[in-house]
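Single-structure report; data block below.
Here, each number is a calculation from the coordinates, and none is a lab measurement. Nothing here was measured: the structure is a model prediction, and the numbers come from that model. Note that we place each Cβ from the backbone using ideal geometry, even for glycine, and neighbour counts take in every protein chain shown.
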Amino acid sequence: METLVNAVKVGDDDTLKFKPNPKRPGFKAHARYEAYQNATTLEEYLKLNEGKYARPDLRYDEEHGHLEIYNADGELKNPRPEE
């Protein structure tokens, strides 16, 4: 399985690492993040966050720095630009 998350291709050999839940408690996005934040693969993430928000949540989290994506060699695939 492979998908494009913003400009980063995420494949079966890649590892996802979510940061602690940054979403506001009491909102649906917070509850969804709680459900999927421990996923370490794309397949696992999609099982934990089923439905119409799965891909938009993934894109949002990557875009806002809540998600790091590592390749099989442990290299960060989506480094954040220095601010």
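Here are the numbers:
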{"read-out": "Single residue of segment 48-74 satisfying the filter (of a type in the set (Asp, Glu) and more than 14 Å from residue 11 (Cα to Cα)) that is surrounded by the fewest Cβ atoms within 10 Å (Cβ to Cβ)", "value": "50"}
{"read-out": "Segment 56-74, residues that are assigned to a strand (DSSP E or B) and out of contact with any Phe, Trp or Tyr (no Cβ under 9 Å at 6 or more places or on another chain)", "value": "69, 70"}
{"read-out": "Residue selected from segment 13-51 under the condition charged (D, E, K, R) and under 10 Å from the mean Cα position of the chain (by Cα), by the criterion farthest from residue 72 (Cα to Cα)", "value": "19"}
{"read-out": "Positions within segment 1-47 being surrounded by 11 or more Cβ atoms within 10 Å (Cβ to Cβ), outside any helix (DSSP H, G or I) and of a type in the set (Asp, Glu), in sequence order", "value": "13, 14"}
